[in-house]
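In what follows, a single structure is set out as structure tokens and then discussed.
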Amino acid sequence: MCAICNFKLEFGVSHPSALPVAVATRNAIEAGLIAPLEAGDGALAAARARLSAIDALNLLQARIEETHGDDTLLALPDFYVLLIENDTWGFFHATSAGFDPEIVPEIPDLTALDEAKRSRIVVTSEAALRGWLDADFTAAHALADALFMIDAPAADAACLAQMLARAEAVLALGA
């Protein structure tokens, strides 16, 4: 399911970077850098986990919209965010009114040999995303330690990394 547009995405696609992100997340949890997610039990555990992931993506959306002006937001490439715990995808397409909740995204293209045709994807875990949203560590730290991995052509990857850094800087200035 796309957390932003509530469009049911049934393509069941993961990402090659999911494993390194999972290992980095486990290491960060063991080091006490981020809190582990509560493991649910029972028949509704998967549904609760999905709702928690959607909530995290909505918080990310709000943070980006809150810290970027229209011109900066519109300069962002379309991108996906994959939360690896339960393969929850969010698709982000900027408009002058924020990210478009009505857009119906295509299946992310992970295999195109032409970089320009491949989807731009931020791969992370919900635990890492929530840690970053809580300012437990910086985006630079997350990228350096593989808590966040950006799969995109170099210019777009730099743009997405800058988006995350700007979200931190604007909030830090306002604090």
Among H93, H15, rank each residue by its count of other Cβ atoms within 10 Å, from fewest to most, as a rough exposure measure. H93, H15
Distance-filtered residues of segment 109-152 - backbone nitrogen under 15 Å, label point 7 angstrom along R26 Cα→Cβ: 125, 147
Counting only Cα atoms, I'd like the Rg/Rh figure for segment 11-58, Kirkwood definition for Rh. 1.01
Simple label model, 7 Å out from Cα along Cβ direction - A165 to A135, nm: 1.9 nm
For L110 and A154, extending 7 Å from Cα along the Cα-Cβ vector and measuring point to point gives, in nm, a value of 2.5 nm
Computed over the Cα atoms of the chain, the Rg and Dmax in Å are 15.4, 46
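Read the figures in this text as sums done on the coordinates, not as results from a lab. Note that the coordinates shown come from a computational prediction; the quantities given were computed from them, not determined experimentally. When we count neighbours, we look across all protein chains shown, and the Cβ atoms used for this are built from the backbone with ideal geometry, even at glycine.
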